[in-house]
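Taking it in order: structure first as structure tokens, then the write-up.
The values are calculated or read from the model by the stated rules, or taken from the named source; none is laboratory data. Everything quoted here is computed from the prediction, not taken from an experiment. When we count neighbours, we look across all protein chains shown, and the Cβ atoms used for this are built from the backbone with ideal geometry, even at glycine.
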Amino acid sequence: MRYRELMIATSSEGKIIELSALLSPIRLIRPPKVLNIEEGPCSYLENAYLKARSYFEEFKIPALAEDSGLEVSALGGMPGVFSSRFSELEFGGKESETGTAANIRKLLRLMEGKEDRSALFRCVLLIYDSEGGLWAQGVCRGEITTIPRGARGFGYDPIFKPLGEDRTMAELTAEEKNAISHRGIAARRLLELLSG
Ligand code: ITT
């Protein structure tokens with residue numbers, strides 16, 4: 001394996017927990033401080049690159065960043081790269097609250113009466129060090145439920161039902177989620193690239 005340890009360039013506890021299990025041959029180190037990085041309306045790849053490069057330049061340790069989002073067909077692929085701050089965007093109404101619960105409420109409200117509930121989670125993982133970058137992508141298809149169910153996972157998991165599943169992502173165990181998730185697929189591809 002090319003890296004024994006990587007600094008994990010994220011502020012998301014949910015991502016750290018999942019990635020630590022998924023990339024277990026590699027030790028993920030938490031940064032001594034979380035950097036405040038302004039993500040633009042760019043692609044997942046650009047955002048991941050921006051995050052990994054910022055952490056590498058600050059701490060001089062090879063950095064692993066992740067950018068991900070939920071793309072809903074009936075909403076033209078929104079919230080996509082805006083997933084974490086969806087409730088703050090003026091898109092079909094202004095929310096006074098921020099955070100995960102407000103994001104979920106807004107999405108369910110926008111989906112009221114929509115027949116097509118198909119959606120997908122996308123994840124880009126990117127490693128940046130002095131030699132440049134290396135990245136992998138994963139996608140998990142499913143649909144948006146009408147009510148939230150389950151308490152595991154994070155983010156939109158309670159309203160996302162993976163294809164072929166009766167349960168939402170938030171009702172799966174961590175192992176079950178990692179086996180099929182966008183992050184699991186991207187992590188296994190990244191490990192393949194690193195060991196190839
Ligand atoms: P960092 O930028 O610090 O990594 P973040 O949470 O802001 O943390 P993103 O900009 O990549 O990360 O936003 C991704 C959002 O997409 C995340 O906040 C969730 O709302 C959603 N998301 C991504 N993966 C998810 C998953 O496995 N389950 C549920 N929601 C997910």
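Looking across segment 121-144, just one residue is under 15 Å from TYR55 (Cβ atoms) and charged (D, E, K, R), and that is ASP129.
Per-residue answers, yes or no, for (1) β-branched (Val, Ile, Thr); (2) part of a helix (DSSP H, G or I):
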| site | (1), (2) |
| --- | --- |
| ILE16 | yes, yes |
| SER20 | no, yes |
| PRO32 | no, no |
| GLU38 | no, no |
| TYR49 | no, yes |
| SER54 | no, yes |
| ASP67 | no, no |
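Criterion first (closer than 25 Å to ALA170 by Cβ and crowded, with 16+ Cβ neighbours inside 10 Å) does LEU23 satisfy it? Answer is yes for this residue.
Within segment 38-54, restricting attention to residues that are surrounded by fewer than 16 Cβ atoms within 10 Å (Cβ to Cβ) and among the hydrophobic types (A, V, I, L, M, F, W, C), the residue that is nearest to the chain's Cα centre (by Cα) is LEU45. A Cβ distance below 8 Å, combined with a sequence gap of six or more or placement on separate chains, defines the contacts here; from segment 70-95, residues that are within 20 Å of THR145 (Cβ to Cβ) and at pLDDT 90 or above reach residues that are charged (D, E, K, R) and in a helix (DSSP H, G or I) in the pairs PHE86/LYS106; SER87/ARG105; SER87/LYS106. Out of all the residues in segment 111-155, which are under 17 Å from SER12 (Cβ atoms) and either in a loop (DSSP other than H, G, I, E, B) or among the aromatic types (Phe, Trp, Tyr) (or both)? Answer for segment 111-155, where residues must be under 17 Å from SER12 (Cβ atoms) and either in a loop (DSSP other than H, G, I, E, B) or among the aromatic types (Phe, Trp, Tyr) (or both): PHE121, ARG152, GLY153, PHE154, GLY155.
The set of residues in segment 12-37 that are in contact with a helix residue (DSSP H, G or I) (Cβ under 8 Å, 6 or more places away or on another chain), near the ligand (Cβ under 9 Å from one of its atoms) and among the β-branched types (Val, Ile, Thr) contains only ILE37.
Within the set TYR44, TYR55, the sole residue that is at pLDDT 95 or above, more than 28 Å from SER118 (Cα to Cα) and either out of contact with any strand residue (DSSP E or B) (no Cβ under 9 Å at 6 or more places or on another chain) or within 11 Å of the ligand (Cβ to nearest atom) (or both) turns out to be TYR55. Across segment 165-190, the number of residues qualifying as touching a strand residue (DSSP E or B) at 6+ places or on another chain (Cβ under 9 Å) and assigned to a loop (DSSP other than H, G, I, E, B) comes to 5.
Tally the residues that are among the aromatic types (Phe, Trp, Tyr) and within 11 Å of the ligand (Cβ to nearest atom), restricting the search to segment 122-164. Matching residues across segment 122-164 total 3. A count restricted to segment 27-41 and to residues that are at pLDDT 95 or above and among the aliphatic types (A, V, I, L, M) stands at 2.
Any residue at all in segment 93-107 that's among the hydroxyl-bearing types (Ser, Thr, Tyr) and buried (at least 21 other Cβ atoms within 10 Å of the Cβ)? Working first, answer last.
Taking segment 93-107 and keeping what is among the hydroxyl-bearing types (Ser, Thr, Tyr), we get 96, 98, 100.
The next check asks that each one be buried (at least 21 other Cβ atoms within 10 Å of the Cβ); those that pass are none.
No, segment 93-107 has no match at all.
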